[in-house]
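**Student:** Dropping the structure in here first, questions after.
The values are calculated or read from the model by the stated rules, or taken from the named source; none is laboratory data. Predicted model, so just to flag it, every value in this text is computed and none were measured. Using ideal geometry, Cβ is built from the backbone for each residue, glycine included, and neighbour counts are taken over all protein chains shown.
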Amino acid sequence: MGSGFFEIILDAMPMLTEGVKLTVVYSIVAIIPATIVGLIFALLKLSSIKILRRIGEVYVHVFRGLPLLVVIFYIYFALPQLLPLHNWFGDSYRFIAAILALTLNEGAYITEIIRAGILSIDEGQTEAAYSIGMNKYQSMRFIILPQAFKRMIPPLMNQFIQTIKDTSLLSAISVAELTRQGQIYISTSFAAIQIWTAVAVMYLVVILSLTAISSTLERRWQNDKS
Amino acid sequence: MIKVKNINKRFGHLEVLKDVTVEIAPQEVVVVIGPSGSGKSTFLRCLNGLEKVNSGEIFINNVEITHNKTNLTKVRKEVGMVFQRFNLFQHLTVLDNITIGPIQVLKLPRQEAEERAYGLLEKVGLRDKANAFPRQLSGGQQQRVAIARALAMNPIVMLFDEPTSALDPEMVGEVLAVMKDLAREGMTMVVVTHEMGFAREVGDRVLFMDEGRIVETGQPQQLFTNPQEERTKSFLSKIL
C-alpha cells in the first residue's frame, strides 16, 4: 500500500474500466426500453379515453414517487418471494431486475418529457393534419412527433445523463458497474481518496462525452430543419 | 352539396351556434361575415368535423358527417380547409407540405404526388419555393402554400377560415387573387372573411351571422346596399 496516488489508480484501472463498460451497457440497455415505455405512457396520458389516461397517470405517479433504490430492492429482493424468478432466469435475473427497475423509473420521467413535447406543438398542426384527412395515428406519426421530438432532445439528454448516474444505485444489488467496482477495490486497498477520485472523473468523462455528442446533434438538427 | 340542418353548438354554457340551417349548392361561393364571436369560424369548423355539433345534422354530398359512425377522415379528404394562421407543417418543405396528404392519405405514388404539387405551386405562383421551409416564407406565400396543400387532396369543397386576417395588408391581394381564380374555376367555397371587396366580387351569397345565428342572407349586392335587418345595418355601417 505504499504506492503513490497514480500508481494505485493505475492498478485499479482494469477493474474500473470494466465498471465503466457495465455502466454504459446498463445505461444504454435501460434507456431504449425506457424511451419506448415513455412514449407509450405519454400517448396513454394524452388519450381521449379516460381509463387509458388514468393508467398513464397512475404509472407516472407511482414510479416518479418511489425512490429508485426502493424499486431496485423491490424487484430484486421482494418479487422473487412471490414468483420463482430466480428459477426462471437464474443468474441473469440480476440483470433483468436492474434493467426493469431503471426502465420503470426513467420511463416515468420520459413519459412527462414526451407528453410535454407533444403538448408544446401548436394545436393548429393537428387540425391541419386532420383537415387533409389524416387520422390520429398519421397526424402523430408524420406531423406532431417529428416536431415534438426536436424539442424533446435537451430534456431527453438530461434524462439519459440522469440514467447513467442512476446506474450507480445498482451497486446495491452487486451489479459490477463503476461504483461497485470502486467499492470492491477500496474494500481491500482502503484507497478511498484515489479510487473515488478516479470513479468521479470516469463518470464525468462518460457524461461529458454524451453531452458533447448531444449538443452536436442538437446543432445539426437545428440547422437542418428549421 | 352541403346541407346544414338546425345545428347547435355549445362550449360549456356558451351557445355558439343556435339552430343554424343553410344549404350550399355545387360551385357556389358563400361568404360568411359577422362580428367576432358571432360563431362564424365555429360554423365553418363544424363543416369538416373539427368541431362536433351538439345537435342537428350536416350533410356533405349526402353523407351525414354529424352521424357518430361516419368516418370523418374520409369526409375530410374531400373538404379542404385553409386556416387563419396557415398551419403549415413547420418541419416539412413546401413540397412535402403539399405531397404528404396525397402520399399518406390518398396513397398516391410519390412521383405523381410531386407532379400534382408542382402543378399547384405553379398555380399559386410559388414553384420556385418548393424546397423552402414555411418559416422562410412571407405570410402571403405561406397562405398560398396552404391553399395548394388543401387543393392537392382534390377536394369538392374548400373552407376558408379568415384566410387573410393574419396577413400584412400588402399580402392580402395575392391570397385573394388565388381564391378568385379558384372561384372562377367553379370550386365550391365557404369563406369566412372581413374582405367585403372579395365578397362583393366573387361571392354568390353572403351570410351575416351574429350571436350564433344566421341573421340575414342574400346576394352580396343586395345585402351590402340594402340590408333588411337592423343588426346587419349596424354591422355594415361599422365596416364599410
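**Student:** Return a yes/no flag: does the range B:143-150 have any residue that is within 28 Å of B:Ser38 (Cα to Cα), buried (at least 21 other Cβ atoms within 10 Å of the Cβ), of a type in the set (Val, Ile, Thr) and under 14 Å from the mean Cα position of the chain (by Cα).
**Tutor:** Yes, some residue in the range B:143-150 is within 28 Å of B:Ser38 (Cα to Cα), buried (at least 21 other Cβ atoms within 10 Å of the Cβ), of a type in the set (Val, Ile, Thr) and under 14 Å from the mean Cα position of the chain (by Cα).
**Student:** Which number in (1) facing another protein chain (nearest Cβ under 9 Å); (2) basic (Lys, Arg); (3) free of Cβ contacts under 8 Å to residues at least 12 places away in the same chain marks the one condition that B:Lys69 misses?
**Tutor:** Failed condition: (1).
**Student:** A follow-up question, please. Name the residues in the range B:74-95 that are more than 8 Å from chain A (Cβ to nearest Cβ), assigned to a helix (DSSP H, G or I) and crowded, with 24+ Cβ neighbours inside 10 Å, would you?
**Tutor:** B:Val94
**Student:** Do the conditions hold for A:Ala108, that is, is it modelled with pLDDT of 95 or more, away from every other protein chain (no Cβ under 12 Å) and out of contact with any Lys or Arg (no Cβ under 8 Å at 6 or more places or on another chain)?
**Tutor:** No, not satisfied.
**Student:** Out of all the residues in the range B:101-115, which are at the interface with another protein chain (Cβ under 9 Å from one of its Cβ atoms) and in a loop (DSSP other than H, G, I, E, B)?
**Tutor:** Correct list: B:Val105, B:Leu106.
**Student:** May I ask you to verify whether B:Ile98 is of a type in the set (A, V, I, L, M) and more than 14 Å from chain A (Cβ to nearest Cβ)?
**Tutor:** The answer is no for B:Ile98.
**Student:** Among the residues of the range A:137-149, write down those that are within 9 Å of chain B (Cβ to nearest Cβ) and either among the charged types (D, E, K, R) or within 26 Å of B:Leu47 (Cβ to Cβ) (or both).
**Tutor:** A:Gln138, A:Arg141, A:Phe142, A:Ile143 - these are the residues of the range A:137-149 that are within 9 Å of chain B (Cβ to nearest Cβ) and either among the charged types (D, E, K, R) or within 26 Å of B:Leu47 (Cβ to Cβ) (or both).
**Student:** Among the candidates B:Ala150, B:Ala166, single out the residue that is assigned to a helix (DSSP H, G or I), within 13 Å of chain A (Cβ to nearest Cβ), touching a Gly at 6+ places or on another chain (Cβ under 8 Å) and closer than 18 Å to B:Phe86 by Cα.
**Tutor:** Unique residue meeting the criteria: B:Ala150.
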